1. If neighbour count is taken as other Cβ atoms inside 10 Å, put 127, 213 in order from fewest to most.
2. Once the Cβ-Cβ distance between residue 165 and residue 225 is put in as r, and R0 is 25 Å, what FRET efficiency do you end up with, to the nearest 0.05?
3. Could you calculate, for region 158-229, the ratio of the Cα radius of gyration to the Kirkwood radius, expressed as Rg to Rh?
4. Can you put 60, 159 in order, fewest other beta carbons within 10 Å first?
5. When a/c reaches 1.5 or more, the comparison of a/b and b/c decides; with that in mind, is region 110-152 rounded, prolate or oblate per its Cα gyration tensor?
6. Cut-off is 10 Å between beta-carbons; in what order do 67, 116, 123 appear when sorted fewest neighbours first?
7. Please report, in debye to the nearest 20, how large the charge dipole of region 93-149 is about its Cα centre when each Lys and Arg carries +1 at its beta carbon and each Asp and Glu carries -1 there.
Amino acid sequence: MAAFGLFVGGALLVLGLLGLLGAALALPAGPALIAIREGRPPAADRLARAVASAERLQRWGGSAASLSDLALLKLIQAEAGDIPGPERLQRLQESQTIQAASLARAPASTDGWARLTFARYALSGLDDASRDALAMSFRTGRLERAPMVFRVQLLLREWEALDPALRALGSAQIRQLTRYHARDLDALIDVYRASDPAGQEAILAALSDSAKDRARFERRLRRRFPNQR
């Protein structure tokens, strides 16, 4: 499917949109978190200061939300383009550990499960651990736009290798993005246009199970992009 670098950029943008940001907003980490939420990855020095600030907060008894903020900052650090391989691996492992600790306190956090899925997937692909986190992301927030988009992005990357159960979940998620809000549908269209032909075909095949969903998708696609085939 799409190149991993493109997936990383899109997925991290979505992960930055998930949920409410935690108490770290009140500290020097705040500007970096806000920038991430607005789709503007912070400069390396600002990101390092934000991580240090969020880590200090934990020493004073941070919340589940502030732990998840720190896990997100570590993910952003890990996927910076100029980070050496061993340091990237360390940041991903730290993010995974921190996010798991956050989820131990707040196990119903959809954004937390999505962030843990990303960390595990970046470390070892779609293995049992990342599948478990992905399943929890489905269970805790099936119809929230940002995690829906993240799950579709990830599943499209692995579509040919998915077992029937995961493919069915992915197909249902694609259809759900057409049904409830124009912004959801526009998000699916953006994923479609960013996908390679195999990913686009997977989306169209999923929508073919519902004539109304496919017609709604194609009508909106033509309206936004008249020249799109």
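1. The order, fewest Cβ neighbours first, is 127, 213.
2. Using R0 = 25 Å, I get an efficiency of 0.15.
3. 0.95
4. Starting with the residue having the fewest Cβ neighbours, the order is 60, 159.
5. prolate
6. Ordered by Cβ neighbours within 10 Å, fewest first: 123, 67, 116.
7. In debye, rounded to 20, region 93-149 gives about 180.
Rule-based calculations on the coordinates, nothing more; no lab input. Only a predicted model underlies this, so the values are computations on that prediction, with no experimental measurement involved. Cβ coordinates were reconstructed from backbone atoms using ideal geometry, including for glycine residues, and neighbour counts include every protein chain displayed.
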